[in-house]
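Taking it in order: structure first as structure tokens, then the write-up.
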Amino acid sequence: MSNEISPSVLQNNTQHPAVQIDGVGKSFSGTVALEPVWLKIRQGEFLTLLGPSGCGKTTLLNLIAGFLEADCGELFINRDLVTQVPPHRREIGIVFQNYALFPHMNVAQNVGYGLRTRHVSKAETAERVREALELVKLGDFADRKPNQLSGGQQQRVALARALVIRPKVLLLDEPFSALDRNLRTAMQVELKEIQTRLGLTTVFVTHDQSEALSMSDRIAVMSRGQIRQIGSPTDIYDRPQNQFVSTFVGDANLFSVTLLDRDETFVRLTVGETQLQLETYQDDLPEPGPVTLFARPEQCKLTQAGQAGSIPATVALTVYQGSYAEVHLDCAAADNRVMQRVPASEAPSAGTKVGIALPSRGPAIYKLNGEVE
Ligand SMILES: Nc1ncnc2c1ncn2[C@@H]1O[C@H](COP(=O)(O)OP(=O)(O)OP(=O)(O)O)[C@@H](O)[C@H]1O
Ligand SMILES: [Mg+2]
């Protein structure tokens, strides 16, 4: 086969996606881990694969890296077909959750490993290792062994080791999930800075929605081996296209309503006794009849009980959160408990009867019992 990477066509070409995935899928002994996926990752883009455990994130990453062989489809890096190219010829940098450093090598040897296997000269290796360690702020740690480093430092070494080969694409599989919250946030900021400075195409795997929202240019939300929506963080948060995405990313209030009809601008629906007219961003709506209406807590408002147009509810409990309080409400028209945030000093006590006012713009309507997974 002549489809190995040819160095003459490896230059970045902004006209072409950095990674193009055309119908790549994977099953393990008859169980589908990844349905065929189509996806183009742009040059310099930070793309996050976000989804619950077992949804196929690592499988997709390993297919891009070449650690797994696809059952179907084709994979391109820049313009080169790499479906049959082994991992070490794909020029990809990888960082795993568990660091995977060589325990018997010191930091510099760990970072230089990929250069030695590529037969880069000793002098150039030393220089590039020094640069990579500077980049991750570990310039003074070259002689330490991995067991003399903290978890955060080990993950920086793993990052330096991935960057030193000047990869065409950087892949990271839950790289910060073993770190405590503060360190994790610091590492997120650092990775984002390095990635932006180098203009490095990056595919980042996480099941943490806030990590995905804060770092990504685009997020691909996955469940059950499929990409359920792909878009910018604001697309995903403000305009979730299905119930799974609405509940997996951010907090969702879901109401059981009856869709009556729609025209160019408005949808008309009833919630219990209350009739409402709303604007929605959706083009595709389910058929009239029982449906699920979704709104973010910050789009809804708590009102006095019985206020015109509001949905009756009773405060079940309030949870103090410092700068605000979460008010959890029982509501006959809701599929689950409704949650609202209010200033801590204004939190109503349990048992108080209130109303929930829906926004006139912004809610979405999904098929009944759509797809909570
Ligand atoms: N080598 C394998 N053999 C058999 N089944 C596998 C193998 N690797 C993955 N799977 C299955 O494929 C599905 C997707 O797994 P994958 O590791 O891609 O999920 P994930 O989204 O990375 O989950 P997590 O967040 O837990 O890491 C799961 O059902 C998993 O059990
Ligand atoms: Mg995984």
Subject >> Odd one out for THR31 among (1) on the phi > 0 side of the Ramachandran plot; (2) without any contact (Cβ under 8 Å) to a residue 24 or more places away in the chain >> reply: (1)
Original post:
more than 21 Å from the chain's Cα centre (by Cα) and within 21 Å of ARG118 (Cβ to Cβ) - does that describe any residue in the stretch 145-153?
Top reply: no
**OP:** Filter the stretch 230-249 for residues that are assigned to a strand (DSSP E or B) and either among the hydrophobic types (A, V, I, L, M, F, W, C) or surrounded by 21 or more Cβ atoms within 10 Å (Cβ to Cβ) (or both) and give the result.
**Re:** ILE230
Subject >> Single residue of the stretch 61-94 satisfying the filter (in contact with a Pro (Cβ under 7 Å, 6 or more places away or on another chain) and not aromatic (Phe, Trp, Tyr)) that is farthest from LEU163 (Cα to Cα) >> reply: CYS72
**OP:** Can you work out which of the residues in the stretch 318-336 that are in contact (Cβ under 8 Å) with a residue 24 or more places away in the chain and in a loop (DSSP other than H, G, I, E, B) is surrounded by the most Cβ atoms within 10 Å (Cβ to Cβ)?
**Re:** CYS331
Subject >> Unique residue being within 14 Å of ligand 1 (Cβ to nearest atom) and at pLDDT 95 or above when the list is LEU39, LEU63 >> reply: LEU63
Subject >> Criterion: among the acidic types (Asp, Glu), surrounded by fewer than 20 Cβ atoms within 10 Å (Cβ to Cβ), at pLDDT 95 or above and within 12 Å of ligand 1 (Cβ to nearest atom) - qualifying residue of GLU69, GLU74 >> reply: GLU69
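Being part of a loop (DSSP other than H, G, I, E, B) and among the hydrophobic types (A, V, I, L, M, F, W, C) is the filter here; which residues of the stretch 262-317 pass it? Give the derivation first.
Quick first cut of the stretch 262-317, residues part of a loop (DSSP other than H, G, I, E, B) only: 263-265, 272-273, 280-288, 296, 300, 305-310.
Of everything in the stretch 262-317, those that are part of a loop (DSSP other than H, G, I, E, B) and among the hydrophobic types (A, V, I, L, M, F, W, C) turn out to be LEU285, CYS300, ALA305, ALA308.
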Original post:
Within the stretch 201-218, can you find the residues that are assigned to a strand (DSSP E or B) and within 16 Å of ligand 2 (Cβ to nearest atom)?
Top reply: VAL203, PHE204, VAL205, THR206
Original post:
Which residue, of ASN106, ASN98, is within 16 Å of ligand 1 (Cβ to nearest atom) and within 25 Å of MET187 (Cα to Cα)?
Top reply: ASN98
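Can you name the residue in the stretch 29-55 that is charged (D, E, K, R) and either touching a Lys or Arg at 6+ places or on another chain (Cβ under 9 Å) or under 20 Å from THR247 (Cα atoms) (or both) and is also nearest to ligand 2 (Cβ to nearest atom) among such residues?
Keep residues of the stretch 29-55 that are charged (D, E, K, R), which gives 35, 40, 42, 45.
Of the ones still in play, those that are also either touching a Lys or Arg at 6+ places or on another chain (Cβ under 9 Å) or under 20 Å from THR247 (Cα atoms) (or both) are 35, 42, 45.
On the way: GLU35: 17, ARG42: 24, GLU45: 21 Å.
Per the criteria, the residue is GLU35.
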Subject >> Matching residues, the stretch 50-98, being touching an Asp or Glu at 6+ places or on another chain (Cβ under 7 Å), in a loop (DSSP other than H, G, I, E, B) and not β-branched (Val, Ile, Thr) >> reply: PHE96, GLN97
Subject >> Where GLY199 falls short, out of the listed (1) of a type in the set (Gly, Ala, Ser); (2) within 22 Å of the chain's Cα centre (by Cα); (3) closer than 30 Å to GLY54 by Cβ >> reply: (3)
**OP:** From THR58, THR48, grab the single residue that is within 17 Å of ASP217 (Cα to Cα), at pLDDT 95 or above and within 16 Å of ligand 1 (Cβ to nearest atom).
**Re:** THR48
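The values are calculated or read from the model by the stated rules, or taken from the named source; none is laboratory data. Computed from a predicted structure; not experimentally measured. All Cβ positions, glycine included, derive from the backbone under ideal geometry; neighbour counts span all protein chains shown.
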